[in-house]
Each structure stands twice: as C-alpha cells, then as structure tokens.
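Student: Just passing along the structure, written as structure tokens.
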Amino acid sequence: MAMLVVAVVAAAMASSSSSNAQPSPGYYPSSAHRPMAFSRGYTNKWGPQHQTLSADQSSLTIWLDKTCGSGFKSRKAYRNGYFAARVKLPAGYTAGTNTAFYLSNNEAHPGFHDEVDMEFLGTIPGEPYTLQTNVYVRGSGDGRIVGREMRFHLWFDPTADFHHYAILWNPNAITFFVDDVPIRRYERKSELTFPDRPMWVYGSIWDASDWATDDGRHRADYRYQPFVARFDRFVVAGCAPTAPPSCRPVPASPAGAGLTARQYAAMRWAQQTHMVYYYCQDYRRDHSLTPEC
C-alpha cells in the first residue's frame, strides 16, 4: 500500500511538472528572421546617458535610476510586421518599474494614438514579474482610455536569462509571442477596434510607480537602483508605409493566415496556466467600450 501511495504521488507530481512545461508550438518565427545591429533599425529616443551599446552593436543595456530612465525608437514607421528582441529583466526589488517593448504612433497622433504593448511590470522579492500585453485603438489620452489588457505570470524567471519576446502585427490580427509560444492573439473584428495606422517600435525602462505594481501599492525604491534591462537579437521585419504592394505581411504560421492547431494548443496552455487577468472577463468594466468582448 505504501509503495502504491508513493507511486500515485510521484505520478501526480510528474503530471503537474509536465503541465507546467512549455509546449512546443511547432513553428518558430524567431528563427525565420536574422537579427540586426541595433543602430541599423533603432536610435536613441531619450536618456542616452543611460544606454550602453555593445561594441558589435548586437546588444543594448538601458537602466533607470532616480534621475531618469531610457528609451529607444525604430528609425522607420511600419504598417505591419514582426518585431522582436531578447530581453533580460532587472532582478531583485523592481516594484514600480516598467520595462517595455511596444508599437506606438503617439508622436504622430498625440492624444488619439494606437499602441500595442508588451510591458514587464516590476515586483517585490518573492513575487513574479507580470507581463502585461495591451492594445490601444485611437484614443488613449483623450479622456476615454480604453485598455485591452491581458496579463501573465511567466513560466520562467525572466531575470535569470534572456528570453525572446515578439509582436506580430498583421492586417487581420496581432499576435504576442514569448519564446515562440503565441500567448495572445487579438483579431480584427472591425475598423474601430483594430489599429491600422503606421506605428514605430519602441523599447524603454521607466518609473510607473503609480500603477505598475499592485495598482501602485509598491513603488520604485531607489535604494535598489540602478534597475538594469538588457536587450539583444533585435529583429524588425515589416513593411514601411511607402513600401510597394509586393511587401507582404509576415505570416504567423506556415499556413500564412491564422495559427496552426499546435500553435493554438500552446496558446491555450499559456492562457489556462499562466494568464492572471483578461479585460473581457473583468465585469467591473464597461464593455460597451470594448465591443469585441
């Protein structure tokens, strides 16, 4: 009987461990595109004194301290594309910090812009980082801020090593990837709920103490500065606004349109086991502003 109990417990532990293991999506867009030198695709946006570029221009270190943070911006705007980087996040006490990789056209349309976010919200020791994905469509900043947040606790320690994060923006959907696992797919339901104006690509680290960690309960503590984020393997594969019609959107799967069954299975795994918030399931919100729900 004792041996049977041990066997059952071991089987349960093995099942739990395997359910938490990252599944293979069967398709790896990160391997389909060659990384570029930082300066080929990007330039400093702000805080140049808080940026260090490697000698071969393959990696960039940015940091936040009590004086300021830092950010970078793509040299061109794009009307669609696959945008990716590997990121290693600051460790330790990082509450209040926001390390971001995102698309935006705020500079072209202030107060009425579109944005697609991957934001890593800092934390206190012993608690996980939160990856917040978000989509804004024509209006954050005009008094009717309508976010479409989906948040995750990752299945690995994002401070221990580099991991690959990507946004694939196509005319029919926006797909967010973590180590090639599609964690979220935001589909085009109507012109009013989908960004279709050209956007630039950005990366940054900044103080978001008012909301980033437990709705502002834990704020940035500069006794732990500097907060250092590292980026490498920059990929920009997209069509600029002036590109000819022959410039085709990057496919999300070998089929070209949509995801494969294996990719959908990997996405279900990510959402069922690691998603911690989804705006469509938040019944405190006015969903007349998010008709796609």
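The values are calculated or read from the model by the stated rules, or taken from the named source; none is laboratory data. Predicted model only: the values in this text are computed from it and were never measured. Cβ coordinates were reconstructed from backbone atoms using ideal geometry, including for glycine residues, and neighbour counts include every protein chain displayed. Side chains are part of the model used for accessible areas, which takes the heavy atoms of the whole protein and leaves out ligands, DNA and RNA. Shrake-Rupley method; radii C 1.70, N 1.55, O 1.52, S 1.80 Å.
Student: Can you name every residue in the stretch 202-228 that is in a loop (DSSP other than H, G, I, E, B) and either free of Cβ contacts under 8 Å to residues at least 60 places away in the same chain or not β-branched (Val, Ile, Thr) (or both)? Break it down into steps so the answer makes sense when it comes.
Tutor: So the first thing to find is which residues in the stretch 202-228 are in a loop (DSSP other than H, G, I, E, B), and the list is 208-213, 217-221, 225-226.
Across the stretch 202-228, the qualifying residues are Ala208, Ser209, Asp210, Trp211, Ala212, Arg217, His218, Arg219, Ala220, Asp221, Gln225, Pro226.
Student: Select from the stretch 42-61 the residues that are out of contact with any Asp or Glu (no Cβ under 7 Å at 6 or more places or on another chain) and of a type in the set (Gly, Ala, Ser) and write down the one among them that is surrounded by the fewest Cβ atoms within 10 Å (Cβ to Cβ).
Tutor: So the residue we want is Ala55.
Student: Yes or no: Asp214 open to solvent by 20 Å² or more (accessible area, probe 1.4 Å), out of contact with any Phe, Trp or Tyr (no Cβ under 8 Å at 6 or more places or on another chain) and farther than 25 Å from Ser39 by Cα? Lay out the reasoning, then the answer.
Tutor: Working: open to solvent by 20 Å² or more (accessible area, probe 1.4 Å): yes; out of contact with any Phe, Trp or Tyr (no Cβ under 8 Å at 6 or more places or on another chain): yes; farther than 25 Å from Ser39 by Cα: yes.
Yes, satisfied.
Student: Suppose we filter Ser246, Ser288 for residues that are free of Cβ contacts under 8 Å to residues at least 60 places away in the same chain, open to solvent by 10 Å² or more (accessible area, probe 1.4 Å) and part of a helix (DSSP H, G or I); which single one remains? Before you say what the answer is, go through the steps one by one.
Tutor: Numbers: Ser246 fails: part of a helix (DSSP H, G or I).
Among Ser246, Ser288, only Ser288 is free of Cβ contacts under 8 Å to residues at least 60 places away in the same chain, open to solvent by 10 Å² or more (accessible area, probe 1.4 Å) and part of a helix (DSSP H, G or I).
Student: Here is a follow-up. Quick check on my filter: what residues within the stretch 97-133 are farther than 22 Å from Asp157 by Cβ, open to solvent by 10 Å² or more (accessible area, probe 1.4 Å) and not in a strand (DSSP E or B)? Lay out the reasoning, then the answer.
Tutor: Residues of the stretch 97-133 farther than 22 Å from Asp157 by Cβ: 102-116.
Filter once more, keeping what is open to solvent by 10 Å² or more (accessible area, probe 1.4 Å): 102, 106-113, 115.
Matches in the stretch 97-133: Asn106, Glu107, Ala108, His109, Pro110, Gly111, Phe112.
Student: Going residue by residue through the stretch 182-201, is there one that turns out to be among the basic types (Lys, Arg), under 16 Å from Thr290 (Cα atoms), open to solvent by less than 60 Å² (accessible area, probe 1.4 Å) and not in a strand (DSSP E or B)? Outline the logic, then answer.
Tutor: As a first pass, look at the stretch 182-201 and keep what is among the basic types (Lys, Arg): 184-185, 188-189, 197.
Checking the rest, the ones that are also under 16 Å from Thr290 (Cα atoms) come to 185, 188-189.
Next, from what is left, pick out any that are open to solvent by less than 60 Å² (accessible area, probe 1.4 Å): 185.
Then drop every residue that is not not in a strand (DSSP E or B), which leaves none.
Taking every residue of the stretch 182-201 in turn, none turns out to be among the basic types (Lys, Arg), under 16 Å from Thr290 (Cα atoms), open to solvent by less than 60 Å² (accessible area, probe 1.4 Å) and not in a strand (DSSP E or B).
Student: State which residue is farthest from Gln263 (Cα to Cα) when the search covers only the stretch 151-178 and only residues that are among the aromatic types (Phe, Trp, Tyr) and open to solvent by 30 Å² or more (accessible area, probe 1.4 Å). Even if it seems obvious, please write down each step before you answer.
Tutor: Our first condition is that a residue be among the aromatic types (Phe, Trp, Tyr); within the stretch 151-178, this holds for 152, 155-156, 162, 165, 169, 176-177.
Within this subset, residues satisfying the condition of being open to solvent by 30 Å² or more (accessible area, probe 1.4 Å) are 155-156, 162.
Working: Trp155: 17, Phe156: 19, Phe162: 22 Å.
The residue in question is Phe162.
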